[in-house]
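In what follows, a structure is listed as structure tokens, so that the remarks can point back to it.
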Amino acid sequence: MLASEIVKRPVITEKSMLLVEKENQYTFIVDKRANRIQIRKAIEELFEVEVVKVNVMNMKPKRKRVGRYEGFKSAEAKAVVTLAEGNSIEIFSS
């Protein structure tokens, strides 16, 4: 898998921004098939930073409803990546 296929998009919420400020941790939605080592290499390749730790959470599909039709959002994986001291990713800074 390519690095751009592994990392799908960043998660920008209040909680994730607090993690960026206090812990230097960045949150991304990643491919469910990717493991920690592949995620680490993809982040290092895409953003040219040094990754210290990767935590991965598998998110359950959520039930959604539009009118009388029901379905599910797709299941996805979320990765919280801790960067080395002094490294940062520009897309999270405002």
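The values are calculated or read from the model by the stated rules, or taken from the named source; none is laboratory data. Just so we're clear, the structure is a prediction, and the values are computed from it rather than from any experiment. Ideal geometry is used to build each Cβ from the backbone, glycine not excepted, and the neighbour counts take in all protein chains shown.
Out of Glu90, Glu45, one residue alone is loosely packed, with under 15 Cβ neighbours inside 10 Å and at pLDDT below 95. It is Glu90. Just give me the residues in region 23-62 being more than 16 Å from Gly86 (Cβ to Cβ) and either of a type in the set (Asp, Glu) or out of contact with any strand residue (DSSP E or B) (no Cβ under 7 Å at 6 or more places or on another chain) (or both), in sequence order. Answer for region 23-62, where residues must be more than 16 Å from Gly86 (Cβ to Cβ) and either of a type in the set (Asp, Glu) or out of contact with any strand residue (DSSP E or B) (no Cβ under 7 Å at 6 or more places or on another chain) (or both): Asp31, Arg33, Ala34, Asn35, Ile37, Gln38, Lys41, Glu45, Lys60. Selection of first residues in region 12-35 that are in contact (Cβ under 8 Å) with a residue 40 or more places away in the chain and of a type in the set (Asp, Glu) and of second residues that are surrounded by 11 or more Cβ atoms within 10 Å (Cβ to Cβ) and part of a helix (DSSP H, G or I), restricted to Cβ pairs under 8 Å at least 6 apart or on distinct chains, gives the following pairs, ordered by first then second residue: Asp31/Glu5; Asp31/Ile6. Elements of the type helices (runs of 4 or more DSSP H) sitting completely within region 1-89 and holding at least 3 residues that are among the β-branched types (Val, Ile, Thr): these cover 36-47.
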